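Please read the structure below before turning to the comments.
Nothing in this text is a laboratory measurement; each read-out follows from the coordinates by a stated rule. Owing to the predicted nature of the structure, the values given are computational and were not obtained by experimental measurement. Cβ coordinates were reconstructed from backbone atoms using ideal geometry, including for glycine residues, and neighbour counts include every protein chain displayed.
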Amino acid sequence: MNPHPIRCVCGQKIQASQLLEIRYLQHSMGQNRVYVRFECPRCGHARERLIRQQEWDRFVLSSMPYTEISRTEREQFQRLGEITKEEHWQARQLLEDVWSVEQLQACVQPDKNR
Ligand SMILES: [Zn+2]
C-alpha cells in the first residue's frame, strides 16, 4: 500500500474535501506535478504541497466513493497493481491487429492466474 500522498507537517492525512486550491503544473520534459493548498483540520494551519501527477491520480481515485464497483472488485483491482510499461506496450501491440469488436472480444480473456 502506498503512503497517503498529502499530509500536513503535523502528520494529519488531508482529504480531498480539505483542499483549498489545486493547480496542474505541466512539464515538457519530466513528470507533471500538482500543487495543492489545504487547511489542516488538526493544527488549523494553511499549508502547500507539490506532488507528482502519479500520486495525485492515486489520491483522486482513492477519494472517490465506490458506487459502481463492489468491494470484491475493488480488492481485485488493488491486487493487480499498477499497469506496467510492458503491459501497456502489449495492449498497444494487440490493438494494432484488431479491426472489429468481435476480434477484440476474442482477445480479451480473463486471466485466471492473477
Ligand atoms: Zn496539521
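Key figures for this structure:
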{"quantity": "Using a Förster distance of 25 Å, the FRET efficiency for Q54-V108 (Cβ separation, nearest 0.05)", "calculated": "0.45"}
{"quantity": "Radius 13 Å from Cβ of R58, net charge of other residues (Lys, Arg +1; Asp, Glu -1)", "calculated": "-2"}
{"quantity": "Neighbour-count ranking [beta-carbon atoms within 10 angstrom, fewest first] of F59, F38", "calculated": "F59, F38"}
{"quantity": "Rounded FRET efficiency, nearest 0.05, which uses the C-beta distance separating A46 from F77 and R0 of 30 Å", "calculated": "0.30"}
{"quantity": "Backbone N within the stretch 73-89 under 11 Å of label point (7 Å from S62 Cα along the Cβ vector)", "calculated": "none"}
